């Protein structure tokens, strides 16, 4: 049972040996074992600076022997902290579940947040102020509408093409900062990057 490794902390008050012994005994009595983890070793931090900085591994997965026989492949993964003091702890039951391919949508939906982006109004105005498609009002309306949809799709793809790249770069930088030895001295930069990442993710969700 890899129990000691999952009770580590950095800073703060150490847990008493007696309390840890009681927990170990309880887990053994219940027939539970630790599933381990992948990623950053801590799941909680107070994000204070310097000597007041504390981080601990508060969250973990335990299982019984029966569970391990039902699920022979698993992975416990610590996610990003983002703007929270806690990081999400994922349990993947099949290899590759974290790489599920997103389903693409071929329909069109006008997103309200596009109105805040430079260029959206220009695309719409240029389309509707352009040449007529025919002398038939209804046919002309449909033609301009289809043209506007096509141009907005192209514009949105070009405008937000770099969004996921920015999210990936920001995640990577945050992950790097959490792994440095002087992470307490990087709390300020981490907060700035986490706020930036949250904004990017909100925009991606809306998009």
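Where a number appears in this text, it was derived from the coordinates with a stated rule and is not lab data. Note that the structure is predicted; figures quoted are calculated from it, not measured. Positions of Cβ are generated from backbone atoms using ideal geometry, with glycine treated the same way; all protein chains shown enter the neighbour counts.
Here the range 173-207 and the range 22-86 have alpha carbon centers that stand 22 Å from each other. Packing order of peptides 17-25, 30-38, highest average first: 30-38, 17-25 (average count of other Cβ atoms within 10 Å over each peptide's residues). Taking label points 7 Å from Cα along the Cα-to-Cβ direction, residue 90 and residue 165 give a separation of 2.3 nm.
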